Amino acid sequence: MTRTDLHDRVARTYNSETGLIAAKNRMVLDRQRQRWAGRSDPLRVADLGVGDGALLEALREALSLADGPPLVLTGLDISPAMLSLAAQRVPLMPVLSCASRAAEHLPVRGFDLVLAHFILAYVRRRALLRQAARLLAPGGVLSVATSTNEGAEPLLEQIDSLFRHSRNPVRRAVARAADHAFARSSVPATGADLVEDAAACGLHLLRRDRMRQIIVFNTAEEAYRFAIEDGWCVNVLAVPGLPLAMAQVLTRAGLRLFRYPFTFTQVIEMMEFSADPVSADVLSVTARMPVAVPV
Ligand SMILES: C[S@@+](CC[C@H](N)C(=O)[O-])C[C@H]1O[C@@H](n2cnc3c(N)ncnc32)[C@H](O)[C@@H]1O
């Protein structure tokens with residue numbers, strides 16, 4: 001099973017109507033509506049890892065209600081099924097590609113707004129940021145939304161205490177699978193890591209917002225729904241040579257070995273960057289903006 005097939009499967013159950021994805025979309029929508037409402041020139045938007053296109057649809061509606069600019073939309077995704085969901089919601093140019101090669105398929109310096117939301121589990125951070133920076137037109141803005149590993153301690157503690165040092169080889173295999181999944185993901189440990197990587201790719205921070213949500217799984221089935229069906233950790237199924245059905249059975253079995261209820265905090269960072277030099281004025285305004293927004 002390839003990663004593309006995995007995301008095609010997630011497209012069947014992808015839910016942007018409730019939960020963290022909906023909360024992130026509301027917040028980003030609010031910021032982008034404020035940012036672009038007074039503009040009349042068409043706004044060229046590229047969404048890298050567009051998913052079901054819910055945010056683009058909402059942005060189009062919001063800006064048209066606010067007499068904002070018309071949108072020229074491009075959605076890039078590795079999954080044909082996701083691109084098709086997005087194209088059903090909103091008129092866009094669909095581009096089937098890996099985001100780490102976006103600038104090979106899209107016009108360099110051709111976009112006023114580039115979105116890269118919830119894609120760092122699948123694309124190396126600096127590769128994505130470099131591509132996004134190349135796509136930005138002068139005055140353009142990159143919006144990045146990502147979870148971080150800040151609230152992951154309860155998971156790491158369980159992996160260490162129940163699995164890593166166990167005498168049972170099945171339990172030790174769960175620890176190895178978890179290590180493998182963490183190693184393949186490029187989700188930052190903290191928001192500060194993302195800011196540092198962005199700076200190394202020539203991007204300046206314009207604005208930073210954070211959301212936190214406490215998540216409780218009462219059963220292994222609830223954990224499976226979040227991790228696999230909602231797509232947050234779907235990469236754990238991408239084991240080379242292992243058929244999907246077997247990977248699903250093993251993941252379910254592994255999750256049953258955790259202790260429930262299982263509680264952790266999901267931290268979401270939403271940042272805006274510019275590739276243009278940012279004046280000291282802008283930075284000082286940014287520093288006064290609220291950074292903690294509970295869901
Ligand atoms: C969790 S969804 C996020 C969708 C959307 N950005 C949002 O915030 O709702 C991740 C999306 O990234 C896509 N994706 C995964 N790996 C990718 C890659 N290497 N290049 C481009 N898109 C990728 C998936 O197909 C999926 O549509």
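Since every read-out is calculated from the coordinates, none of them should be taken as a lab result. Everything numeric in this text was worked out from a predicted model, so none of it was measured. Positions of Cβ are generated from backbone atoms using ideal geometry, with glycine treated the same way; all protein chains shown enter the neighbour counts.
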Handout entry: Virtual spin-label span in nm between D179 and E221, 7 Å along Cα→Cβ
Key = 3.3
Fill in the blank from the handout: Quick note on L96, L106, ordering by fewest other C-beta atoms within 10 Å, gives L96, L106
Fill in the blank from the handout: Looks like segment 188-284, by Cα gyration tensor root eigenvalues a ≥ b ≥ c and the a/c under 1.5 rounded cutoff (else prolate when a/b is bigger than b/c, oblate otherwise), is prolate
Practice task
Send over the semi-axes of segment 105-247's equivalent ellipsoid, whole angstrom and largest first, taken as the square roots of 5 times the C-alpha gyration tensor eigenvalues.
Solution key: 34, 17, 14
Practice task
Return the distance in nm (one decimal) between the two label points of a simple spin-label model at A23 and D41, each offset 7 Å from Cα along Cα→Cβ.
Solution key: 3.7
Handout entry: Among beta bridges that DSSP assigns inside the chain, antiparallel share in %, nearest 5
Key = 45
Handout entry: Estimated inter-spin distance, D30 and Q88, nm [label 7 Å along Cα→Cβ]
Key = 3.0
Exercise for the section: Can you bin segment 1-66 into rounded, prolate or oblate? Criterion: square roots of the alpha carbon gyration tensor eigenvalues sorted a ≥ b ≥ c, rounded for a/c under 1.5, prolate for a/b above b/c, oblate for the rest. Expected result: prolate
Problem - Length gained when the stretch L257-L244 is fully extended (0.36 nm per residue, less Cα-Cα span) - result: 2.7 nm
Handout entry: Order of Y122, Y260, Y224 under a 10 Å beta carbon neighbour criterion, fewest first
Key = Y260, Y224, Y122
Fill in the blank from the handout: Row for segment 219-272, column shape: gyration tensor on C-alpha, a ≥ b ≥ c, rounded if a/c < 1.5 i.e. under 1.5, prolate if a/b over b/c, else oblate; value oblate
Exercise for the section: Using a cut-off of 12 Å between beta-carbons, work out the net charge of the residues near A220 (Lys and Arg +1, Asp and Glu -1, A220 not included). Expected result: +2
Completion exercise
At 37 °C in a medium of viscosity 0.692 mPa s, the chain has a Stokes-Einstein diffusion coefficient, with Rh taken as the Kirkwood radius over alpha carbon pairs, in µm² per second, of 165
Problem - Hull volume in cubic angstrom per residue (convex hull over the Cα atoms of segment 109-161) - result: 78
Exercise for the section: Using all C-alpha to C-alpha distances in segment 1-151, build P(r) with 10 Å bins and read off the rounded percent in each one. Expected result: 11, 43, 37, 8, 0
Exercise for the section: Using 0.36 nm per residue of separation minus the Cα-Cα distance, give me the extension gain between A200 and E104 in nm, one decimal. Expected result: 32.5 nm
Problem - FRET E, pair V170, A127, Förster distance 35 Å, beta-carbon r, rounded to 0.05 - result: 0.50
